[in-house]
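Data block below; observations after.
The values are calculated or read from the model by the stated rules, or taken from the named source; none is laboratory data. Computed from a predicted model, the values in this text were never measured in an experiment. With ideal geometry, Cβ positions are generated from the backbone for all residues, glycine too; neighbour counts draw on all protein chains shown.
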Amino acid sequence: MKEFTEKHHAFIAATFYTLLTQRYGQRGEDAFVLATNRYAEQRGNRMAQRAVRDGQPLTFATYRQYGEWVNTQSVKEEGCGNAGYVVSYAPDFVEHVTQCPWAAQFAEMGMAKAGTVYCTHLDKAIVRGFNPCLVFDTTQSLHEHDCCVQIAKDANFEEGVVYQKREEYLKGFDYHCGHNYKTYSELCVSIFGAGGSAIAAEVLDRFAQTYGQEMADVLVSYQNTDFNLI
């Protein structure tokens, strides 16, 4: 079985967006946004739980260290790992992202609109789940511009500081993909009932057709995981 990567993760979100908007129009996009926020807030809250357990303050500095992923070897070998540069460290931390595997996957699928909707909400919701008093914004995305602009308000980082993620808290993309599929599926079913169930089943079928049944089975294996808790 191949390694789960960021691009599998993006495939799941893009396929849900496609089917939701095709079948339910604006209501489908609204449901996609709700699911994206739910997924992201759960991720951020897990980060916060670990930080509180470790006695760390829920600041942007801690946030940078408690993220649950780093680029996989596969996307680095493809040449589409995350890349960018810092524009400002203080008072706001402003970063321009010039390359991203999620953007690469959305582009390959011809799903720039889905990518823009996803990225508009994702990171700010992760931060909100981590600490709702922190303010984060994505003012433009790679899907429609030459870079993604991300702003951590009043982060007040020291000039040139680099925060390393704590390796013991990193999760593989099998976990992240399982979380993504479960959350979108549950929100689809909650909102659209049988129609949502049909969408979740079709997303899984398309994933299996693209990446193989074994990888699709891994997604399903996370259906009983409580992603609210560490």
| request: Determine if the range 170-183 includes at least one residue that is at pLDDT 95 or above and farther than 19 Å from K7 by Cα. | output: no
| request: Determine which member of the set E144, E214 is of a type outside the set (S, T, N, Q) and modelled with pLDDT under 95. | output: E144
| For the range 51-158, which fully contained strands (runs of 3 or more DSSP E) count at least 1 residues that are hydroxyl-bearing (S, T, Y) and without any contact (Cβ under 8 Å) to a residue 40 or more places away in the chain? | 83-88, 136-140
| remark: Taking the range 1-22 and the residues there that are surrounded by fewer than 23 Cβ atoms within 10 Å (Cβ to Cβ) and not in a helix (DSSP H, G or I), the one that is modelled with the highest pLDDT would be F4
| request: Please go through the range 119-176 and pick out each residue that is among the acidic types (D, E), touching an Asp or Glu at 6+ places or on another chain (Cβ under 9 Å) and surrounded by fewer than 14 Cβ atoms within 10 Å (Cβ to Cβ). | output: D154
| Single unsatisfied condition, A152 versus (1) closer than 24 Å to G110 by Cβ; (2) under 18 Å from the mean Cα position of the chain (by Cα) | (1)
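So which of V149, V127, V97, V162 is of a type outside the set (S, T, N, Q), over 25 Å from V218 (Cα atoms) and touching a helix residue (DSSP H, G or I) at 6+ places or on another chain (Cβ under 8 Å)? So that I can check it myself, show each step before the final result.
Working: V149 fails: touching a helix residue (DSSP H, G or I) at 6+ places or on another chain (Cβ under 8 Å); V97 fails: touching a helix residue (DSSP H, G or I) at 6+ places or on another chain (Cβ under 8 Å); V162 fails: touching a helix residue (DSSP H, G or I) at 6+ places or on another chain (Cβ under 8 Å).
Checking each option against the conditions leaves just V127.
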| task | Tell me which residues, restricted to the range 83-124, are under 14 Å from E144 (Cβ atoms) and of a type in the set (K, R). | result | K113
| field | Count of the range 66-77 residues which are surrounded by fewer than 19 Cβ atoms within 10 Å (Cβ to Cβ) and either among the hydrophobic types (A, V, I, L, M, F, W, C) or at pLDDT below 95 (or both) | value | 2
| said: R206 - would you say it is closer than 25 Å to I126 by Cβ and either of a type outside the set (F, W, Y) or over 17 Å from the mean Cα position of the chain (by Cα) (or both)? | reply: no
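This table checks each residue for (1) within 30 Å of F157 (Cα to Cα); (2) in contact with a Pro (Cβ under 7 Å, 6 or more places away or on another chain); (3) surrounded by fewer than 18 Cβ atoms within 10 Å (Cβ to Cβ).
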position: Y24; (1), (2), (3): no, no, no
position: N37; (1), (2), (3): yes, no, no
position: V52; (1), (2), (3): yes, no, yes
position: G55; (1), (2), (3): yes, no, yes
position: R64; (1), (2), (3): yes, no, yes
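What are the residues in the range 26-35 that are surrounded by fewer than 21 Cβ atoms within 10 Å (Cβ to Cβ) and within 19 Å of the chain's Cα centre (by Cα), if any?
E29, D30, V33, L34 - these are the residues of the range 26-35 that are surrounded by fewer than 21 Cβ atoms within 10 Å (Cβ to Cβ) and within 19 Å of the chain's Cα centre (by Cα).
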